[in-house]
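Written below as structure tokens is the structure these notes are about.
The values are calculated or read from the model by the stated rules, or taken from the named source; none is laboratory data. As the structure is a computational prediction, the values presented were derived from the model and not from experiment. Note that we place each Cβ from the backbone using ideal geometry, even for glycine, and neighbour counts take in every protein chain shown. When the accessible area is computed, the model is the full protein with side chains, heavy atoms only, and any ligands, DNA or RNA have been set aside. Shrake-Rupley method; radii C 1.70, N 1.55, O 1.52, S 1.80 Å.
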Amino acid sequence: MINWDDYRYVLAMERTGSLSAAARYLGVSQPTVSRRITELERALGVALVERLPDGYRLSPAGVKVCERARTIQQKSDEIQRAVSDGEDQLLSQVVVSAAEGVAAALVVPTLTELRASHPNISVELIITNRPVNLRRREADIAVRLGDPRDDTLIGRKVGAVEFGLYAHNTLVDQFGLPKTEKDLARFPFIESSGEISYLPQANWLRLIMPPRMKSFTSNSILNQLEAFKAGLGILALPTYLTAFLSDPVRILPDDFAREVEIRLMYHSPVSEKPGVRAVLDTLAVSISKRLLMENQF
């Protein structure tokens, strides 16, 4: 007998483009995705995925299965919305918490897609660099970088964020392009203060480098980006924020690079609140795709 839940795994692969991305989207391990797809293939008697030397892709049969499974999923979502919203189709509000840069680059661009597929959901976005208390319902979902170290919450890994050192080309024109770590001593740096001084990029910079020449300090990442554009100094940044910059130059990429996991965190009872599951799924797919595109460059 076919387990209808197995179709989710094929659909996730179709939406994300790979087994690993599908695993991040669903919040499970890659072997689990592979095993469930294999079980569905065995039950249907056809190969749904073509295993290539450089990865995986859907077979023609897999494409056909996804077309029909997607219709079933859409009908299921319609039923869920009809039941959860009631006769008046009341608006569901979902509260999402994220740091300033994450919100601007990864969360807000998702909202157009969410609005198109779920017009009855309203999102309140709380911008904060401190971890909100999800158990106390300060937010329904938190987008967090790094290990949350909280076993009472459920986390869905959606990708990995790469950090590096960047300088505006005007700064490089003025000081030259550093070729070694010692060359950085002559460069000014843009530093973090307040709550953002504990973000991954700020902690990373403190660990890897000795005291630096500070030209500008701020507790706002968006203000740091403006200082960067003005050529005030080198800035430690996640690569997804470089889309907000003109003429960024990566500094010593082989020496200064780090990856940090990004997760969607929520408290189990909250996932049953109307709209939360839809926001979780949309955020997971959108953020995963954006990070995968960033990593290709």
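When region 237-265 is examined, which residues are found to be in a helix (DSSP H, G or I) and touching a strand residue (DSSP E or B) at 6+ places or on another chain (Cβ under 7 Å)?
Correct list: T239, Y240, T242.
Any chance you could count how many residues in region 40-61 are in contact (Cβ under 8 Å) with a residue 24 or more places away in the chain and assigned to a strand (DSSP E or B)?
The qualifying residues number 4.
Can you find even one residue in region 176-192 that is over 22 Å from D247 (Cβ atoms), open to solvent by 20 Å² or more (accessible area, probe 1.4 Å) and touching a His at 6+ places or on another chain (Cβ under 8 Å)?
No, region 176-192 contains no residue that is over 22 Å from D247 (Cβ atoms), open to solvent by 20 Å² or more (accessible area, probe 1.4 Å) and touching a His at 6+ places or on another chain (Cβ under 8 Å).
Could you list, ordered by first residue, the pairs with Cβ atoms under 8 Å in which the first is in region 205-222 and in contact (Cβ under 8 Å) with a residue 24 or more places away in the chain and the second is part of a loop (DSSP other than H, G, I, E, B) and exposed (fewer than 14 other Cβ atoms within 10 Å of the Cβ), at least 6 apart or interchain?
T217/S193; S218/S193; N219/S193
Of all residues in region 237-271, which are within 27 Å of L134 (Cβ to Cβ) and either touching a Gly at 6+ places or on another chain (Cβ under 6 Å) or free of Cβ contacts under 8 Å to residues at least 60 places away in the same chain (or both)?
L241, V260, I262, R263, M265, P269
Look through region 8-23, keep the residues that are open to solvent by 40 Å² or more (accessible area, probe 1.4 Å) and among the small types (G, A, S), and return whichever of them is farthest from V158 (Cα to Cα).
That would be G17.
With L125, L111, L165, L177 as the choices, which residue is assigned to a helix (DSSP H, G or I) and at pLDDT 85 or above?
Result: L111 is the single residue among L125, L111, L165, L177 that is assigned to a helix (DSSP H, G or I) and at pLDDT 85 or above.
Mind listing whichever residues of region 24-39 are in a helix (DSSP H, G or I) and crowded, with 17+ Cβ neighbours inside 10 Å?
Passing the criteria: R24, Y25, L26, V33, S34, R36, I37.
Limited to region 45-77, what total is found for residues that are modelled with pLDDT of 80 or more and surrounded by 15 or more Cβ atoms within 10 Å (Cβ to Cβ)?
Qualifying residue count for the region: 10.
Here are some conditions: (1) open to solvent by 20 Å² or more (accessible area, probe 1.4 Å); (2) out of contact with any His (no Cβ under 6 Å at 6 or more places or on another chain); (3) at pLDDT below 90. R135 meets all but one. Which one does it not meet?
Of the numbered conditions (1) open to solvent by 20 Å² or more (accessible area, probe 1.4 Å); (2) out of contact with any His (no Cβ under 6 Å at 6 or more places or on another chain); (3) at pLDDT below 90, the odd one out for R135 is (2).
Considering only residues of region 197-250 that are at pLDDT below 90 and of a type in the set (V, I, T), which is nearest to L184 (Cα to Cα)?
Within region 197-250, the match that is nearest to L184 (Cα to Cα) is I208.
All but one of (1) in contact (Cβ under 8 Å) with a residue 40 or more places away in the chain; (2) assigned to a helix (DSSP H, G or I) hold for A139; which doesn't?
It is condition (2) that A139 fails.
Look through L264, L241 and report the one residue that is within 19 Å of the chain's Cα centre (by Cα), open to solvent by less than 10 Å² (accessible area, probe 1.4 Å) and under 28 Å from G176 (Cβ atoms). Give the steps one after another, and end with the answer.
Numbers: L264 fails: under 28 Å from G176 (Cβ atoms).
Every option except L241 fails the conditions.
Hey, can you tell me all the residues within region 193-236 that are open to solvent by less than 50 Å² (accessible area, probe 1.4 Å), under 16 Å from N129 (Cα atoms) and part of a loop (DSSP other than H, G, I, E, B)?
S193, L199, S220, listed by residue number.
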